[in-house]
1. Hey, among Glu42, Glu28, Glu59, which residue is part of a loop (DSSP other than H, G, I, E, B) and either at pLDDT 80 or above or among the acidic types (Asp, Glu) (or both)?
2. Does region 25-59 hold any residues that are loosely packed, with under 13 Cβ neighbours inside 10 Å and under 8 Å from the mean Cα position of the chain (by Cα), and which are they?
3. When the residues of region 37-75 are filtered to those that are free of Cβ contacts under 8 Å to residues at least 12 places away in the same chain and of a type in the set (Gly, Ala, Ser), which remaining residue is farthest from Ala20 (Cα to Cα)?
4. Conditions: (1) at pLDDT 95 or above; (2) surrounded by 11 or more Cβ atoms within 10 Å (Cβ to Cβ). Glu68 meets all but one. Number of the miss?
5. Could you list all residues from region 45-56 that are assigned to a strand (DSSP E or B) and out of contact with any helix residue (DSSP H, G or I) (no Cβ under 8 Å at 6 or more places or on another chain)?
Amino acid sequence: MVALALSHPKLRFYVVPRRAKHDRAHSEAMRQFFAQGLDKTEHRTGVLIFASVAERYAEIVADAGINEKVTPQVWTGPSTS
């Protein structure tokens, strides 16, 4: 019975821990960054904006040339304290 319930994609999605979903989405973002060749730009300025609706997860992946030009606060955003 449990196996049958977990075979349904929507139900299985709800039992997977959020951290696991985000880890999987991050891995896919990195895979896409390299698959699209964004790591091969002339000045290493490739940027990928990755959004996964199902995981409610978004990530900006930037190459070294971009990271040298911006402060870490740009990537983390404003404090929510």
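The values are calculated or read from the model by the stated rules, or taken from the named source; none is laboratory data. Predicted model, so just to flag it, every value in this text is computed and none were measured. For neighbour counting, all protein chains shown are included, and Cβ atoms are generated from backbone atoms with ideal geometry for every residue, glycine included.
1. Glu42
2. Ser27, Ala51, Ala58
3. Within region 37-75, the match that is farthest from Ala20 (Cα to Cα) is Gly37.
4. Glu68 satisfies all of (1) at pLDDT 95 or above; (2) surrounded by 11 or more Cβ atoms within 10 Å (Cβ to Cβ) except (1).
5. Correct list: Ile49, Ala51.
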